[in-house]
Structures are given as structure tokens and as C-alpha cells.
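Nothing in this text is a laboratory measurement; each read-out follows from the coordinates by a stated rule. What you see is a predicted model; the values in this text were computed from it and never measured. Note that we place each Cβ from the backbone using ideal geometry, even for glycine, and neighbour counts take in every protein chain shown.
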Ligand SMILES: Cc1ncc(COP(=O)(O)O)c(C=O)c1O
């Protein structure tokens, strides 16, 4: 059913080496003109040309399977023709309406409200922000501070929430934080439930008694905790850039229940895990927890148009007009694409497809885990995957080196993947949700070969 959305169902490398000569030429020009801040093309040195679905071609005519999706944006694939055609030619329509009402905007909001989890329907409002996820995080923090009159925000170790100063302040990675001090004050990082690398040292499965929850509760309720009463906590229900860490069953609910008891607002950052990435609109729908504020971006713009927003409980709607503004918060193309994307997810039963292909891929990846001693753990929910690389399974010592070699072997053979993780040692897949069964299997053949090659090199 989904085959027609892609150029082809397999990769095809026609140059002797990747990058080929044309890619190299553009990379050299980029080096000359563009900031040193560039990051992805250092890791994956390719100049892309065209894209369709989960396939991209480069300037040399190589075809790649794209399990990266522009950082988890193209949930319905690149240039999805159904959406593109129906978007139509905009002609005299308004393209950017700041925050004036348009039929498109009202339709978009009604469409999004109609697919919210039942428990949320009728209880939430929307605020549109600047077009990036980071701006949604800024808005969420600001609203929580205004509502509570408090300053402190709790975040979690391993989190990624963006690069603007507020969003960076609640992001834990020191590499990003260190060049830009001082960040906003009043942020504390709590341990996240990442069972493979349990911050409380309980790494053996079955031994965990939610010691991190005790720590969290103590931080809030012990009068000597040293932490002033927080306004809110911000949490990724599944950590994305941190390495696809998935908390144990019940952990998210426990955090939320302790937050409620202590009158702390709960912000769930669903920028990466939202828009059906895990097989449901939001990742938190795999738990019983309900947040006060949700951040959304990435997939919500349909096919990569920039759009970001927060959803929040109606009783929080107390900020004064113009408290959080921005020029580009009325992108009509993105909203129209968002409406079409939600409709397409429902019409084509994409949630069920994500579940099915997600399970197939997870099972295959688990087989690889048994085969390769340097794969420490495989984690996934729907179509967000993490494969954690270690020197060996016994020591669990993280191996950024192996992960980077695997990533390179992958792109050289036609598979684009992402690198993340606490120690930069996790290969991450965020494929378009519309990949076919064959594409999933073909991608994993390339991935397996990459692991075999590295294993052979290590043992040589
Ligand atoms: C969970 C999460 N929050 C926030 C952001 C920041 O979004 P943006 O890069 O659009 O500012 C990201 C980006 O990867 C993310 O994954």
C-alpha cells in the first residue's frame, strides 16, 4: 500500500565511494561559505539532491534509505504526493497570518483536538509559537512560571529540549551547555529511568525498586533538599536524543503523581516522540499519565513545514495577550499540511502499520543483539529505535567509536541513520512511518552487514 510513496524499496550506490565526486564538490563549497557550527554533514558527508518517502538521492545519483527523516520530521515521508497535491497552489491565499484567525487555522485546531486522547478532549487550548520546537519549550516554561509564580523547573538527566537559552537550560548535555554560560537559573536535573544505565546503580534487571523515584520525592518533600518549590517539571516520556531511553512501566505515572501531590505542573515534551512516532499521537499515551502542558513540533507540520505549538489545560490560560509572541506563528501551509497529515494517518491506518513494522524491526534488531557482543541493548517503541554500542556486553563500557564506525558503514552502503545517546554511542532510527516491510528489511540488511564488517575488523 505504501510502496508508491518511495522512489524504490532499496538503496543503490553507484559511485565507487560515498561521498562521490559531486557531493565532495558541494561539501567543499559549504566548508568555504558556511559556519563551523555545521554538524550533520561532518558525520554524514553527503549532498542530497531529491527525496521521496523514505528514499533520498544524492548529487552523484546514489539512492539511500532514510532512517533519519531530517531528525524525525518526515513522519509521512519526504514530498508525500498525497499531501503535496492537496496542498495545492496557494495563489492568493495568505501564507503567513501571524496570529489572525483563518479558516485553515481553525480547521487545524479542530482536527488536532479531534484526535487528542479521550481524557484530554475539550480540556485543552493551543498556543502557536515561533516555528521551532525550542520555542514551544520556551513557551511551556514561561507559562508554568507565570501560572505558579515560581521559578524553579525540574528537568531530567539525559534530556534534550532545544538550543534557545531557556530550552538549553533544561537540556542536560554538557557539550551543548558549557559554551554558553550562564544559562537561566533555577533548573535542577533529576535522574531519568534509563534501566540499562540506571543512575541509581541498579543495573540488574528485576532489582529496581524505583530508587530514582525516592530520590525525586525526597528532592521535593525533604525540607533540607536544597531545592526551592518548583513551578514545573519537563520530561520526555521517551528520551530521544539521549538515546531512545524508555522508562520502566509505571515510572512516568509515579513521577506525575508525586508532582501533582507537590503542586508542580507537568510538561511533556513530545516534539520528537509525538505525531504517531510511537504508534500513538503521543508517547505518553503508552502510560496512564496526563500532562498539564505538551510541546509539539517536527511531524505536526505534515511533511516538514515548520510549525510548533503547546497544548495546555484551559485553567492555565491566564497569560496576558502578547506574552509569548513571534512573527512566524501563523504558517498556513504548515497548518494545511498538518490537517492533511492527520487525515492521512487515520485514513491509511498508520498507527497499526507503525505497530506492525515497529515490532518486525525490533525483533530483527534483537536477533542482531544476540549475534554481536558490542550491541549492549536494543530499545524501541513503534518507530523510534536505539541500538546502544558498548566495548562488550559484560563491561557495558560505552563505545562511541564503534557506533560512529557503524554509522559510516551504513551511509557508505545506502542507509542514513542518526547518532545519539548519553555517550554518543547509540545508533538511532527514526524512519518515515510509511516505510514498507521490504524497506524495513532491506535497511536492516545494510545495518547487519555494517555490524559484521566492524566485527570482522575488530577480530582481524
Ligand atoms: C524532545 C525535543 N525537544 C525539543 C527539541 C528542539 O526542537 P528544535 O530543534 O525544532 O528547536 C528537539 C529537537 O530535536 C527534541 O527532540
- With runs of 4+ DSSP H residues as the only contributors, calculate the mean residue ellipticity of the chain at 222 nm using -39,500 (n - 2.57) per run, divided by the residue total and rounded to the nearest 500. -11000 deg cm²/dmol
- Which length gain, in nm to one decimal place, applies between residue 107 and residue 394 when the Cα-Cα distance is subtracted from 0.36 nm times their residue separation? 97.9 nm
- Residue list for segment 186-203, given a label point 7 angstrom along the Cα-to-Cβ vector of residue 225 and an amide N cut-off under 16 Å: 186-193
- If packing is taken as the mean number of other Cβ atoms within 10 Å per residue, what is the order of 312-324, 41-53, highest first? 41-53, 312-324
- Message: Quick check on packing: order 108-115, 415-422, 403-410 by the mean number of other C-beta atoms within 10 Å, highest mean leading.
- Response: 415-422, 403-410, 108-115
- A correct Kirkwood calculation over the Cα atoms of segment 40-160 returns a hydrodynamic radius in Å of 18.7
- Separation of the residue 99 and residue 346 label points, Cα + 7 Å toward Cβ, nm: 2.8
- Between the alpha-carbon centers of segment 147-204 and segment 314-356, tell me the distance in whole angstrom. 26
- Message: Treating only the Cα positions of segment 342-390 as identical point scatterers, give the base-10 log of I(q)/I(0) from the Debye formula at each q in 0.19, 0.22, 0.25 Å⁻¹.
- Response: -0.62, -0.73, -0.84
- Item | Global geometry of segment 204-271, whether rounded, prolate or oblate, following the gyration tensor of its Cα atoms and the 1.5 cut on a/c | oblate
- Relative contact order (percent, whole number), the chain, Cα cutoff 8 Å, 6+ residue spacing: 21
- Message: Need one word for segment 303-432: rounded, prolate or oblate. Basis is the Cα gyration tensor (sqrt eigenvalues a ≥ b ≥ c); a/c below 1.5 gives rounded, then a/b vs b/c decides.
- Response: prolate
- Run through the DSSP bridge list for the chain and note the antiparallel percent, rounded to the nearest 5. 70
- Taking Cα centroids, how far is segment 391-443 from segment 69-112 in Å? 31
- Query: For segment 1-49, what ratio Rg/Rh do Cα atoms give with a Kirkwood hydrodynamic radius?
  - Reply: 1.10
- Apply 1/(1 + (r/R0)^6) to the Cβ-Cβ distance of residue 211 and residue 163, taking R0 = 22 Å, and write down the FRET efficiency to the nearest 0.05. 0.10
- Item | Difference of contour (0.36 nm per residue) and Cα-Cα distance, residue 441 to residue 37 | 142.0 nm
- Task: For a quick protection proxy, order the peptides 132-140, 279-287 by their average other-Cβ count within 10 Å, most packed first.
- Result: 132-140, 279-287
- Report the relative contact order of segment 87-347, percent, no decimals, based on alpha-carbon pairs under 8 angstrom and at least 6 residues apart. 29
- Taking one equal scatterer on every alpha-carbon of the chain, how large is log10 of I(q)/I(0) by Debye at q = 0.10, 0.11 1/Å? -0.74, -0.90
- Task: Report the Stokes-Einstein translational diffusion coefficient (µm² s⁻¹, integer) for segment 87-347, Rh taken as the Kirkwood radius over Cα pairs, at 37 °C with viscosity 0.692 mPa s.
- Result: 173
